[in-house]
Amino acid sequence: VHMPQRRIGNPTALRALAHRGEAAGADHDQKASTEGMTRETTRCRGFDFSKISIHPPNQLSKPHLPSALAAPALPRSIVQPRPTVGAIDNPLERHVEARKQFATVAGAMATRNADGSGADEEEFTNNGTPAPAPGVFPPSPPPPPAPFAPSGQCYVETGPTYTPSGTIPVTNVGGRKSASFSMAATFGTAFVTDPPRKPACCEVRQYIKWNEAYHTWRGGPPHSGFPSSATYGTWYEDRDTSDKRYGHRSGTHSDPIAGCGDEYLTGGSRDQTNGDTYCGSDNPKSSAPAGATYNFQLKVIDTCNNNGEKASSSIITINW
Amino acid sequence: VSNTLLRLYLVLFSGLPRPTGVVVLSNTSSTDVRVWQTGNQWGDTALSFEVLHNGLVLRIVRREQEYTRNVPSSFVLPVKSRHEWPFDLGDGDWDAETPIDQVAGRHTQLVAVYDVPTTPEALNHGVWTGQLRSEPVLLDESGPSPRKPD
């Protein structure tokens, strides 16, 4: 049973402590769940935060508890004095200093309060202005577990779209049928939003489904890149036999193709990591008989926010 | 990159009921070489085989595939490295002009052919074009010892 404790000391500094713990916890928890988040947290880890002590000197030897509730316990009876500027031996001052450094090196990485109110902007300005003086506050319940604080968001400016749309023309050469179409989407950048809009958070996905006539003719999915259990009338993320897929900026499914085959661009140049424009094309081929169909659809997902869907295209159809 | 700086080898596994092995593309040049990835219409059609028997040449080509994501995907074969394409001519992915078992016998040989035509896509992607042939490998029941590339 958790007993509420009196909150003593500078709430800003305590939140900074808690936030540091949350950040670590969120990093750990989210690492395996979302590729985009992994990228962000990896980027955070590129900085050597290990050199920034957040513990009073006499607690350095104690285990670090990566929790919002793991702020160093202060004696209840102590009223924390206002820290003197430059007195870095004061634990809270050290925490504030650590938080300032964290905010500085993190740069554009958005940080939010446990309630998601974005109050960090009140606590730390961009140039690291220290928090107000500490004080004594009445008892309050511990803060709830903090949600993951995204360091960015995907904002779709245009698309995703297919060209052409609707029913795609099919050419038939000796029973060998093919269709071609292109894909496009653009993403916005803004640093004044919270979280900031980052094209890197946007990734395109193409989905496919085939009908029963196709499945019966083929005796299964179109090719071995799909699981053998894949069936008709169900959307699957499109891929080739090597399990390469459209729109993955990185990772095992990524297979950037120049010339608007499957790539991200900025200003017309390849920018797979941060490109604000997606450009792709597909040339499905089949020997399926008339009556067999493919459907395709594009989606844009926000890899910085649990792969949430941000936009989708209309569905196109290929009547083989 | 001239053909002489890319080598194609055919390795047949012995003791198997049907021709199975790997085709090895080796880059012996002093520069990296870009080649088609398989899984698309450009890469899948590059590799074929020839069965040599009593003066006859029978072609074995990859069966026409179903493509959903079909883009000209390629990869770089670095200097002094090799890439292997495993194959099983009996897995249903290959079509022969004549069933192999009707012509195969003693002294029948198998040749791997890597043929990349000069297409707009090949030019745009800087992919190596040309034709390479492996040395013939015996395809008889005795199961020849795999020929290892140099």
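Select from region A:268-314 the residues that are surrounded by fewer than 17 Cβ atoms within 10 Å (Cβ to Cβ) and closer than 24 Å to A:Gly188 by Cα and list them in ascending order. Of everything in region A:268-314, those that are surrounded by fewer than 17 Cβ atoms within 10 Å (Cβ to Cβ) and closer than 24 Å to A:Gly188 by Cα turn out to be A:Gly268, A:Ser269, A:Arg270, A:Gln272, A:Thr273, A:Asn274, A:Asn306, A:Gly308, A:Glu309, A:Ser312, A:Ser314. Restricting attention to region A:163-184, which residues are among the polar types (S, T, N, Q) and either surrounded by 12 or more Cβ atoms within 10 Å (Cβ to Cβ) or within 13 Å of A:Leu298 (Cβ to Cβ) (or both)? Those that are among the polar types (S, T, N, Q) and either surrounded by 12 or more Cβ atoms within 10 Å (Cβ to Cβ) or within 13 Å of A:Leu298 (Cβ to Cβ) (or both): A:Thr163, A:Ser165, A:Thr167, A:Ser178, A:Ser180, A:Ser182. Taking the stated definitions as given, is B:Arg7 within 15 Å of B:Gly130 (Cβ to Cβ), part of a strand (DSSP E or B), within 14 Å of chain A (Cβ to nearest Cβ) and not β-branched (Val, Ile, Thr)? For B:Arg7, the condition - within 15 Å of B:Gly130 (Cβ to Cβ), part of a strand (DSSP E or B), within 14 Å of chain A (Cβ to nearest Cβ) and not β-branched (Val, Ile, Thr) - is not met. Residues that are within 19 Å of B:Thr129 (Cβ to Cβ), touching a residue at least 40 places away in the same chain (Cβ under 8 Å) and not acidic (Asp, Glu) number at least 1 in the following strands (runs of 3 or more DSSP E) confined to region B:19-90: B:20-27, B:33-36, B:47-53, B:74-77, B:82-88. For region A:223-245, check the following and say yes or no: at least one residue is in contact with a helix residue (DSSP H, G or I) (Cβ under 9 Å, 6 or more places away or on another chain) and buried (at least 22 other Cβ atoms within 10 Å of the Cβ). Taking every residue of region A:223-245 in turn, none turns out to be in contact with a helix residue (DSSP H, G or I) (Cβ under 9 Å, 6 or more places away or on another chain) and buried (at least 22 other Cβ atoms within 10 Å of the Cβ).
Output yes when any residue across region A:213-221 is assigned to a loop (DSSP other than H, G, I, E, B), within 14 Å of chain B (Cβ to nearest Cβ) and either in contact with a Cys (Cβ under 8 Å, 6 or more places away or on another chain) or at negative phi (or both), and no when none is. Before the answer, list the steps.
The initial filter retains those residues of region A:213-221 that are assigned to a loop (DSSP other than H, G, I, E, B), namely A:219-221.
This time we only want the ones that are within 14 Å of chain B (Cβ to nearest Cβ), so: A:219-221.
Those left that are additionally either in contact with a Cys (Cβ under 8 Å, 6 or more places away or on another chain) or at negative phi (or both): A:221.
Yes.
Here region A:173-206 is the region considered, the condition is being at pLDDT 95 or above, in a strand (DSSP E or B) and within 14 Å of chain B (Cβ to nearest Cβ), and the residue that is nearest to A:Asp238 (Cα to Cα) is A:Gln206.
Among residues of region A:282-305 that are away from chain B (no Cβ under 13 Å), those with a beta-carbon under 7 Å from a residue that is surrounded by 23 or more Cβ atoms within 10 Å (Cβ to Cβ) and of a type in the set (Gly, Ala, Ser) at least six positions away or on a different chain give the pairs A:Val300/A:Ala185; A:Thr303/A:Gly36; A:Cys304/A:Gly36; A:Cys304/A:Ser151; A:Cys304/A:Gly152.
The single condition among (1) at pLDDT below 95; (2) away from chain B (no Cβ under 14 Å); (3) under 26 Å from B:Asp91 (Cα atoms) that A:Pro145 does not meet is (3). The single condition among (1) within 14 Å of chain B (Cβ to nearest Cβ); (2) of a type in the set (S, T, N, Q); (3) touching a strand residue (DSSP E or B) at 6+ places or on another chain (Cβ under 9 Å) that A:Ser242 does not satisfy is (3).
The values are calculated or read from the model by the stated rules, or taken from the named source; none is laboratory data. Nothing here was measured: the structure is a model prediction, and the numbers come from that model. Note that each Cβ is placed from the backbone with ideal geometry, even for glycine, and that neighbours are counted across all protein chains shown.
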